[in-house]
Amino acid sequence: MIPLSWYLILAAALFSVGLFGVLARKNAIAILLGVELMLNAVNINLVAFWRYGSLASIAGQVFAIIVFAVAAAEVAVGLGLVISVYRRRNTVVADELDLMKW
Amino acid sequence: MTTELLIWLIPLPPALAFFLIVLFTNKSKALSHTIAVGAAFLSWLGSMVVFFRAVGEEHFTAFASSIPWLPTGDTWFRIGVSIDPLGAAVLFFVAWTVLMIFLYSVGYHNFGQPKGDHDRAGLPPHGATVTDEHGHKHTVLSVEPMYSRFFAFIGLFAFGMYTLVVSDNLLTMFVGWEIMGLCSYLLIGFWYGKPSARAAAIKAFMTTRIGDVFMLLGIAFLYKATGTLTFSEIFTEETLHVLANTPAFFGLSAAGAIAILLFIGTVGKSAQWPLHVWLPDAMEGPTPVSAMIHAATMVSAGVYAVLRMFPLLTADFTGHGLTTAMSVVAFIGAFTALFSATIAVAQNDIKRVLAYSTISQLGFMIAALGIGAYIAAAFHLITHAFFKALLFLGSGSVIHGMEHGVLHTGNHHVDPQDMFNMGGLRKKMPITFWTFLIGGFALSGFPILTAGFWSKDEILADAFAHGHWAVFITLAVAAFLTAFYTMRQITLTFLGEPRTKEAEHAHETPWTMTTPLVILAVFAIGYGWVGIPEHFPVLGGILPNWFHEFVGGTLLEHPEAVEFSWIPLGTSLLVALGGLGLGWLVYRNVKSPAEDRLQIPALKNKWYFDEAYDFLFVKPAYWFAETFTYKWMDKGVIDGILHFFGKAAAWIGDTLRNYIDSILINDWIADKLSHQWTIHPAARAVRRVQTGRIQQYMLASIGVLFVVGVLVYYFFMA
Amino acid sequence: MTAIQIIFILSALVILGAAVMVVSTRNLVHAALYLVATLFGVAVLYAILDATFLTVVQVVVYIGAIAILFIFAIMLTRREMRDQGEQLNKGWGAAALIGLLTFGGLFMLLNNWRGVNATAAALPSGFDGVVELGTALVSTDAFVLPFEVASVLLLAALIGAVYVAGTKK
C-alpha cells in the first residue's frame, strides 16, 4: 500500500515546481501553465485526503471539482487577457507589462 | 404505442419542424416544406389514431395522463394531456384542416416557380420574367422570398393548436393559446414590408391581448378558488356546486365570474364584438394564414375554450331562465352574428367578406353556448371549420388565379382581391368554382346536402325549443344575411361574364392547392351526416346521430336531444334558400360597385368601429403617453427631482472645494508641509518598490508569507 | 514493493519530470505538451485513489479542454516571442530559492505531522464514488449551492473571456 506521505510529498514538489514557473517564467502563458501545475498539486492533496480520511464525506472530491471549474474559468479569462494584451501591445512578456509602475 | 403516449407526442412534430427549419434548413425551400408538411402529416396520423381509438371505445370518457410538474407547497401542480369526446372531435378537424393548409401553402407560395425579379423579403412576390425556347418573354408568378420562414411559423402555430387541444388543464391550454397569439402576430405581419400588414399585426396582437389579460385573471381566480387548473378536477359536481354558491362580484357567483373572465379571452381570440376589429385586418397575411387563423385554429380555439368551460358557465343554471353569465355570452354571440353579417354584405374584398362571415358564424356558436346548446355549438364549430377553411383556401385560389391574370396583362393597378374585378371565373377555374360553391352553400346552410345546414339548424332548433326568442330571431336574420352575402360573393366572383381582362386570363391553380380544396369539400358535405337529429322527418334515424351521442359524453350529464319542430326547420329552409335566391337575383346583373345599392357608407365602414376605437382608445393613449407620461411625468417631475439633487450636490461640492479643500488641504498641508519637509522625498524613495511587474510583487509577497509562516511556526506552535 | 507502488513511482516520476520541463523548456508548445503529460500522470494518481469520476474529468476537461486552450493561445501569440532567447526573467534565482524553501517548509511540516503515514481503508463493498459524488453535488444539504455558484462562475468567465478577447467594433 502507498502511505499518504507519498502523495503529500509529491504534491508539495509539484506545487513548488509550479510556483517556480509562476515566479520565473517570462512568458505570460507560461505563467499560467505554472498556475495549472499548482492547482493540480492542490487537487492531488484534496483527493488523497478524501481517500485516506473519511470516505463518507465526499467533500474532497467536490472541492476538486470546484477547483476544476475555477481552473477552467481562470484559463479562459487569463488567456483572453493575454490575447487581448498581445493584440494591443504586441507582447506577452510579463516584465514588459509594467504600466502600473511608478 | 399506448394512446396516452401518442397524445403526448401529437403536438411535437410541428414544434420540431419549427426548430429544424429555423436552425438548419431555412436555406433550402424544398427541404423546409418537406419537413413542415411531413410534421403536419405525422401529427395528423397520430390524431387519426387517437380519434379512431376513441370512437372505437364503448362509452368513451377520456384518455388522460399527467405528470407532476411544479411543487406547490405540499402538493404538485400537475400538467398532462387528456382527450375526451369533445377533444377527439376537435382533434379530428384540427388535424385535417392543418394538414390541408400545410399542403396548400406549398402551391400558394409558388413553389417551383423562378425567383422574382424585384422580390425582396417582407413583400409579396411580384412575379418573374422568364424567356421560353422561342425567345418570348413571359411574366409568371414568382416564389415567395421567405418561403421557409412561413413554414416555420405555421409549424409553431400548429404546435400551439395541438397543445391547446390535448391539454388537460387551463395552464398548458393557455400556453398553447398564447403561442398561437404570437404566431398570428408573426404571420399577419408576414409581409412586414407593407405598412398595412405591420399595423394589422400590431392591432391583432394588442386586441387579443386585452382578452388574454382577462383570461389570465380568470385562470388566477379559478386557481385561487379551487386550487387546481385541471379540467377533470374542476368539473366535478362538488367543485362546481361550491363555485356556483360562492358569491363573487356584481351579483355573480364565482363560477359565473370566472366563466365571464375566461369568456372575455374568447371574445378577443374569436373576434367577438367588441373585440372583433382585428380579424378583418388580419387579412393582410397570406391566404393560408387567413384560413389557419380563421377556420382551423385560433378562432376555433376561442370557441373551444368556452366549450371546455361550459360546465363552469352553466354551474348555477337551473334550467329556468338564463344566468347572468349565460345571458352575457348569448347576447354577445347573437349580436356579433347579426352585426358582422350586416357588414359582410357591403364588402368588396373577397377575403374580407369571409372574415366578417367568420365573425358572424363564431357568433352563432357563442350564442348557442350562451343558451346552453352545447352539442349544437360543438357541431357548428367543426362543420364551420371545414367549410370556412375550404372557403378561405378557395378564395386564396381565386386570388392566385387572378394574380396570374394580372401578371399576364401587366396592369398592376387591378386589385386581384376585389370581387368587382372578377366574374365568370367558373370556366377558368372549375375545381375552385365547384369546391367554393360547396363551401358557400354549406356556409349558407343549403338544405339537406351540406354540413352547415345540419349544424346551423340544430342551433336554431335549440334556441326555439328552449324559448329563447330573441336569440332565435336574431340568428335567423343573421342566417338570412349569411346566405345573401354568400350568394353575392359567388355571383360576383364566378358567375356571369369576366368583367376585366385579368379575369379572362385567370388560371386554375396547381394540384397542391386544389387537392386540399377537394378533400375539404368532401368534409363540408359529409360531416353533416354524422349529426342528423333522430326526429328529423324522413332522414332522421337512417344514420344514427353519432355526434350527439359521442360528444355528449364529455359532460357529466348527457344532454337531451331537442324535440323536433317544424318552425325552426321552416325558418332555416326559408332563410337559406331565400337568401341564396335573393342574392342571385340582385347581383346577377350588377357590374360595378356603383350599381350595388347596398354599398351604404355605414356598412362599408364597418359601423365606424375602427374610427370610434381610434377616437376613444388609441388617440387618448397616445395623448397620455406623450403629454402626461413623457412631458409631464418623465421630463417634468422625475427629471426635475434628479436635476434638483444634481444641482444641490454640485453646490455642496463647490462650497467644500472653495472654502475648505483649496484653502486648508491644498495650500496648507499639501504645499507647505510636503514640499518643504519630508513627505515628498520619502515618497520618491519608496515608490521604487512599485515596479509594475507582477512577478516581482508575487515574489515579494510569497517571501513575506514565508517569513511570517516561519515566525508563527517557531514562536506559537513549536 | 507492490505493483501499485511501482505504478505510483512511475507516474510520480512522469509528473515531476514533465513539470520541470514545463517550467524550463524554451519552446512553449513543448511546455504545453509536457503539461499534458503531467496532467496524465495526475489522472493516473486519481485512478489509484479510486476517484474514478475525477480521472475521467481530468482527462476530458483538463487535457481535452484546458491544455488544448493553452496550445491555441500559444499559437496565437507566438509570432512575437520566438522560441529562442532567455525564457526566465531576472528574478529567477530568487524564484528558485522560494520554490525550494516552499518545498522544504512543506516537507518539514509534513514530517512533524502524525497523520502522515496513514494508510487508506479498503473501500466498503458496494461503494460507488460516482453516485456519492453526484448525490452530494445536487443535495440541498450538501453542495448544491457551491455547485450552482461554480456554474455561474463559468458563465461569467465565458462572457468575460469573450468580452476581453473579442475585437471591439
- [ ] Using a cut-off of under 16 Å, list every residue of region A:76-102 whose amide N is near the label point 7 Å from the Cα of B:Ala700 along the Cα-to-beta-carbon line.
- [x] A:95, A:98-102
Task: Global form of region C:1-83, assessed from the alpha-carbon gyration tensor, a/c cut-off 1.5 - done: oblate
Task: Relative contact order (percent, whole number), chain B, Cα cutoff 8 Å, 6+ residue spacing - done: 11 percent
Task: Solution diffusion estimate, µm²/s, Stokes-Einstein, chain B, Kirkwood Rh from C-alpha pairs, 10 °C, viscosity 1.306 mPa s - done: 56 µm²/s
Task: Cβ-based charge dipole, the protein assembly as shown, positive-most Cα from B:Pro568, B:Gly646, C:Thr77 - done: C:Thr77
Task: Threshold 10 Å², region A:34-49 residues less accessible with all protein chains present than alone (1.4 Å probe) - done: A:Glu36, A:Leu37, A:Asn40, A:Asn43, A:Ile44, A:Val47, A:Phe49
- [ ] Please state, to two decimals, what the Cα-based radius of gyration of region B:605-709 comes to when divided by 2.2 N^0.38 Å (N = residues).
- [x] 2.48
Open item on the list: Run the simple label-point estimate for B:Glu233 and B:Asp667 please: 7 Å along Cα→C-beta, distance reported in nm.
Closed with: 8.0 nm
- [ ] Quote the FRET efficiency, to the nearest 0.05, computed for B:Tyr630 versus B:Ala199 with a Förster distance R0 of 35 Å and r equal to the Cβ-Cβ distance.
- [x] 0.95
Open item on the list: From the helices alone, meaning DSSP H stretches of at least four residues, give me the mean residue ellipticity at 222 nm for chain B, per-run term -39500 (n - 2.57), in deg cm²/dmol to the nearest 500.
Closed with: -20000 deg cm²/dmol
TODO: Please report, as a whole percent, how much of the solvent-accessible surface of region C:1-83 comes from carbon and sulfur atoms (probe radius 1.4 Å).
DONE: 75 percent
Open item on the list: Within chain B, what whole-number % of the accessible surface is contributed by carbon and sulfur, with the 1.4 Å probe and all protein chains included in the calculation?
Closed with: 69 percent
Open item on the list: Please compute the length gained on full extension between B:Leu598 and B:Trp529, using 0.36 nm multiplied by the number of residues separating them and subtracting their Cα-Cα distance.
Closed with: 21.3 nm
TODO: Return the average number of partner chain Cβ atoms within 10 angstrom of each residue Cβ along peptide B:679-690.
DONE: 1
- [ ] Please report the base-10 log of the normalised intensity I(q)/I(0) for region B:1-134, using a Debye sum with one equal scatterer per alpha carbon and no solvent, at each q in 0.15, 0.16 (1/Å).
- [x] -0.85, -0.92
Task: Estimated FRET transfer efficiency when R0 is 30 angstrom, pair B:Val522-B:Glu557 (beta carbons, to 0.05) - done: 0.30
Task: Accessible area per residue, Å², the protein assembly as shown with all protein chains present, probe 1.4 Å - done: 45 Å²
Task: Under the span-like rule (Cα at least 24 Å along the axis, Kyte-Doolittle mean at least 0.0), DSSP H helices of chain C - done: C:3-24, C:28-48, C:92-111, C:144-165
TODO: Count, for each residue of C:24-36, the Cβ atoms from other chains sitting within 10 Å of its Cβ, then give me the mean as a whole number.
DONE: 3
Open item on the list: Order A:54-62, B:561-569 from most to least packed using the mean count of other Cβ atoms within 10 Å.
Closed with: A:54-62, B:561-569
Open item on the list: So for chain A, averaging the separation of alpha carbon pairs under 8 Å that are six or more residues apart and normalising by length, what relative contact order in percent results?
Closed with: 27 percent
- [ ] Taking the Cβ of A:Ser57 as the centre, find all other residues whose Cβ is under 13 Å away and add up their charges (Lys, Arg: +1; Asp, Glu: -1).
- [x] -1
Task: Probe 1.4 Å - accessible area at B:Glu57, Å² to nearest ten - done: 90 Å²
Task: For region B:76-221, diffusion coefficient by Stokes-Einstein and Kirkwood Rh (Cα), 10 °C, 1.306 mPa s, µm²/s - done: 89 µm²/s
Task: Euclidean distance between Cα centres, region A:1-33 to region A:54-86, Å - done: 16 Å
Task: Other-chain or far-sequence residues with amide H under 5 Å of B:Ile79's (modelled H) - done: B:Ile67, B:Trp69
Open item on the list: Can you tell me the length gained on complete extension of the stretch B:Asn658 to B:Ala612, counting 0.36 nm per residue apart and subtracting the Cα distance?
Closed with: 10.2 nm
Open item on the list: Checking the a/c ratio against 1.5 first, then a/b against b/c, what shape does the Cα gyration tensor give for region B:146-261?
Closed with: oblate
Open item on the list: Just to confirm a number: summing +1 for Lys and Arg and -1 for Asp and Glu over residues other than B:Leu216 whose beta-carbon lies under 14 angstrom from that of B:Leu216, what do you get?
Closed with: +1
Task: 0 to 90° range, to nearest 10: angle between helix B:298-308 axis and chain B longest Cα axis - done: 80 degrees
TODO: Find the Cα radius of gyration of region C:129-169, compare it with 2.2 N^0.38 Å by division, and give the number to two decimals.
DONE: 1.70
Task: Accessible area buried at the A-C interface, both sides summed, 1.4 Å probe (Å², nearest 100) - done: 7100 Å²
TODO: Given the options C:Thr77, C:Thr102, C:Thr25, state which has the largest fluctuation in a GNM of chain C using a 10 Å cut-off (strictly under) for Cα springs.
DONE: C:Thr102
TODO: May I ask for the distance between the Cα centers of region B:388-449 and region B:547-607, given as a whole number of Å?
DONE: 21 Å
Task: Area projected by the alpha carbon convex hull of region B:340-427, averaged over all directions, nm² - done: 6.5 nm²
- [ ] Could you run the Karplus curve 6.51 cos²θ - 1.76 cosθ + 1.60 with θ = phi - 60° over region B:611-622 and give me ³J(HN,Hα) per residue in whole Hz, x for Gly and Pro?
- [x] 5, 4, 5, 4, 6, 7, 10, 5, 4, x, 5, 4
- [ ] Take every residue in peptide B:510-518, count the Cβ atoms of other chains within 10 Å of its Cβ, and give the average of those counts.
- [x] 0
Task: Alpha-carbon spread of region A:1-85, three principal axes, descending order, Å - done: 46, 23, 14
Task: Solvent exposure, largest accessible area first (probe 1.4 Å, DNA, RNA and ligands not counted), of B:Thr627, B:Thr336, B:Thr691 - done: B:Thr627, B:Thr691, B:Thr336
TODO: Springs between alpha-carbon atoms under 10 Å, Gaussian network over chain A: tell me which of A:Leu39, A:Leu23, A:Leu14 tops the mean-square fluctuations.
DONE: A:Leu23
TODO: Express the relative contact order of region B:44-120 as a whole percentage, based on alpha carbon pairs under 8 Å and six or more residues apart in sequence.
DONE: 29 percent
- [ ] Give the ranking of B:Thr266, B:Thr131, C:Thr140 by solvent-accessible surface, highest area first, calculated with a 1.4 Å probe.
- [x] C:Thr140, B:Thr131, B:Thr266
Open item on the list: Net charge within 14 Å of A:Gly21 by Cβ-Cβ distance, Lys/Arg positive one each and Asp/Glu negative one each, not counting A:Gly21 itself?
Closed with: +2
- [ ] In whole Hz, with x marking every Gly and Pro, tabulate ³J(HN,Hα) for region B:236-249 from phi via Karplus 6.51 cos²θ - 1.76 cosθ + 1.60, θ = phi - 60°.
- [x] 9, 4, 5, 4, 5, 4, 4, 4, 5, 9, 8, x, 10, 9
Task: Peptides B:634-644, B:30-40 ordered by average Cβ neighbours within 10 Å, highest first - done: B:30-40, B:634-644
TODO: Kindly state, as a whole number, the per residue volume in cubic angstrom of the convex hull around the alpha carbon atoms of the protein assembly as shown.
DONE: 285 Å³
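The values are calculated or read from the model by the stated rules, or taken from the named source; none is laboratory data. Because the structure is predicted, anything quoted here is derived from the model rather than measured. Virtual Cβ from ideal backbone geometry, glycine too; neighbours counted across all protein chains shown. These area figures cover heavy atoms from the full protein model, side chains too; ligands, DNA and RNA do not enter into them. Shrake-Rupley method; radii C 1.70, N 1.55, O 1.52, S 1.80 Å.
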